[in-house]
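Notes follow the structure.
Where a number appears in this text, it was derived from the coordinates with a stated rule and is not lab data. As the structure is a prediction and not an experimental result, all values here were calculated from the model. A quick note on method: Cβ atoms are made from the backbone with ideal geometry, for glycine too, and the neighbour counts reach across all protein chains shown.
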Amino acid sequence: MPENYSVAAQQTGSAARIVWKNRAVFLHCAYAVVSVMFLSMAVVTGVYADYKVPPVSELPVTPVHVHSDKVHRRLQEWHRFIERTMQYSEAAKLDAVNRYVNQMRFMVDLRLWKQVDYWATPLQLLAVGAGDCEDFAIAKFFALKTLKVPVDRLRVTYVWQHKEGSGSPQPHMVLTYKAAPETEPLVLDNLTGDIKPLSQRKELQVVYAFNTEKFWLPGESKLDVEAGSPAQLPQWRNLSQRLKRDLALLGLQ
């Protein structure tokens, strides 16, 4: 494996180890996640009116700005969005999903979840109305999958972002789409509503990509070297444990 991939993997692994070693932080985060999921389940199952959101002070690391009426409205709007978008062309689905998810606020994991690197489910992103770049990319992936875009065309893609005037590249995550294996990937990014070919995003350097089935490293055609499954990523394994129930509640697949 090329050196830069090894460095990236080591950095990702180090961040994960820092989080998991702090058991107190993990327990608090688990409590917060359950609180948000319970709220969302109450909304979807029709007992919303009987549920009262605990004061923020009682939830040590609950994501900020969680209010029941806003959660209720977001989930209703989400279901309507999926229903009306189902009949769109594939290109129109990409644009619609990119712009819809990008309405959520960007907030770093440390502030939102009190963890260095936490991958939220689409339900958590919608319930809170905020997330980090990987949360946007993951939500777009599952929304497009539900809208019948073939999974083999979609890849959650980890990149280095080389910002002009910045001394070092920043880690970033986007969703990429390839209409066919030989075509150039299109980039769906929370930083912009415009979907552009990867070649026009000169500031992005691909490190790895994955979907629910496979894991890729960059090759001569950018994202064409299969290198196992996403299960090798600690964050994906953790996310997968929460996905099944959350996706069912959102009507996603």
- [ ] Tabulate in residue order the Karplus-calculated ³J(HN,Hα) for the range 115-126, using 6.51 cos²θ - 1.76 cosθ + 1.60 with θ = phi - 60°, rounded to whole Hz; enter x for Gly and Pro.
- [x] 9, 5, 8, 10, 9, 7, 6, x, 4, 5, 4, 6
- [ ] Grab the other residues whose beta carbon is less than 13 angstrom from that of residue 243, score K and R as +1, D and E as -1, and report the net.
- [x] +3
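Quick one: Kirkwood hydrodynamic radius for the range 151-224, alpha-carbon pairs, angstrom, one decimal?
Details: mean 1/r = 0.0799 Å⁻¹.
After inverting the pairwise mean of 1/r, the radius is 12.5 Å.
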- [ ] Using amide H atoms built 1.01 Å from N in the peptide plane, name the residues 5+ places from residue 120, or on other chains, whose amide H lies under 5 Å from its own.
- [x] 135
Open item on the list: What distance in nm separates the two pseudo spin-label positions at residue 203 and residue 232, each 7 Å out from Cα along the beta-carbon direction?
Closed with: 3.0
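What FRET efficiency would be calculated for the residue pair residue 111, residue 183, taking the C-beta separation as r and a Förster radius of 30 Å, to the nearest 0.05? Present the calculation step by step, with values, prior to reporting the outcome.
Details: r = 38 Å, r/R0 = 1.26.
Result of the calculation: an efficiency of 0.20.
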- [ ] List, in order, the whole-Hz ³J(HN,Hα) value for each residue of the range 137-151 obtained from phi through the Karplus relation with A = 6.51, B = -1.76, C = 1.60 and θ = phi - 60°; use x for Gly and Pro.
- [x] 5, 5, 5, 5, 4, 6, 5, 5, 4, 5, 7, 6, 7, x, 4
